[in-house]
Amino acid sequence: MTDSRPPLWLLAELTYRCPLQCPYCSNPLDMAGIDAELDTESWCRVMAEARRLGAAQLGFSGGEPLLRPDLETLVAEGRRLGYYTNLITSAVGMNSARVAALREAGLDHIQISFQASSAELNNALAGSDKAFAQKCAMAAEVKRQGYPMVLNFVIHRHNIDQLAQMLELATALQADYVELANAQFYGWALHNREQLLPSRAQLQRAEATARAYREKLGKKMQIIFVVPDYYEKRPKACMNGWGSIFLTIAPDGTALPCHSAAVLPIDFPNVKQHSIEYIWQHSPGFNHFRGNQWMREPCRSCPEQAQDFGGCRCQAYLLTGEAANADPVCDKSPHHRQIVDIIAASQSGQSCRHDLLLRNMRNSRALLRGRPGS
């Protein structure tokens, strides 16, 4: 089947290189084995083809997109093509001159990520003793240069009890939007899940804190709290449906319906060999889970399938070994017991078999060799 709807959001994962080593990163574990990155000309072609197809939002991410010396060139081309452009960054490698250059190039939006509210924990999770100070300085600089202040905190067991302090930091930095996004378990986060999954009590306290700050701050700061999938009774409508809105291009040119889909045993197309039109409309990879013909029970006859599309294909595959199964997060899924058992093991504190594995090329190579952490 083909899809007549255009991709609305193009995510350009420019590189998997990053100066930080966050143990919850969604980048693939085998990133050390990824082929060379697309060059400037190839990215410009991809952006133009996606725009002609109808894409309107353009995100630059990684890894750390600031490591690409052609970032300003790509931003300027995105502006010329008519995209609304968004930079998702750690702010490490940024300075006032680069913020100004990105603004001159036409960048519309910058989101800065933090690991925690304290320098000690932030830097430990990032694997850098200077990261926190740099983030605070660049958040202030982004605000000074006229951008809305958009902050992201990835929440997990090690920092969720600092939620009030995170929101105080966001207030001090005059944030306009704050995303408190509980870790979703793909990539490095899945490998470190035993160390990262918060307890139910922690989650309940965090939700109460977020509600209290919403009431306290009102319209001064928008607070978005993303609950971890494992604590839901129904799965998320992952990417608003497979191949429906989102088009991700990995650093090597692989085209994906979401940034985690490379984990699936599907032959996804590459922009080096195919046009965006072919990829979106006709490629087997993008048509694999479109519609509902692929669904098994209980999804096939579920009245909620139009709302959640059967949930996340990557999560189904990673937890059950079969991507077409119902997402185990759903309590109607025959595999839901896996989620119950994972949460129970996490609450007991008896499930941790290894320390947090930091996301870096050395550890990626070790995992590729089958010797984690060596």
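The values are calculated or read from the model by the stated rules, or taken from the named source; none is laboratory data. Values in this document were obtained by computation on a predicted structure and should not be read as measured data. Cβ coordinates were reconstructed from backbone atoms using ideal geometry, including for glycine residues, and neighbour counts include every protein chain displayed. What goes into the accessible areas is simple: the full protein's heavy atoms, side chains included, and nothing from ligands, DNA or RNA. Shrake-Rupley method; radii C 1.70, N 1.55, O 1.52, S 1.80 Å.
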* To do: Answer yes or no as to whether residue 20 is touching a helix residue (DSSP H, G or I) at 6+ places or on another chain (Cβ under 6 Å), of a type in the set (A, V, I, L, M, F, W, C) and within 26 Å of residue 154 (Cβ to Cβ).
  => yes
* Going through region 240-253 one residue at a time, which ones are crowded, with 20+ Cβ neighbours inside 10 Å and not in a loop (DSSP other than H, G, I, E, B)? -> 246, 247, 248, 249
* Structure fact -> When region 1-57 is checked residue by residue, the ones that are part of a loop (DSSP other than H, G, I, E, B), within 22 Å of residue 241 (Cβ to Cβ) and either free of Cβ contacts under 8 Å to residues at least 24 places away in the same chain or more than 22 Å from the chain's Cα centre (by Cα) (or both) are 1, 2, 3, 4, 5, 54
* Go through region 256-289 residue by residue and tally those that are closer than 15 Å to residue 316 by Cα, assigned to a loop (DSSP other than H, G, I, E, B) and open to solvent by 50 Å² or more (accessible area, probe 1.4 Å). => 2
* Asked: Where in region 92-211 are the helices (runs of 4 or more DSSP H), entirely inside, with at least 2 residues that are within 22 Å of the chain's Cα centre (by Cα) and under 28 Å from residue 327 (Cβ atoms)?
  -> 187-191, 193-196
* **Selection from region 17-38 of residues that are among the acidic types (Asp, Glu) and either in contact with a Cys (Cβ under 8 Å, 6 or more places away or on another chain) or at pLDDT 95 or above (or both)** => 37
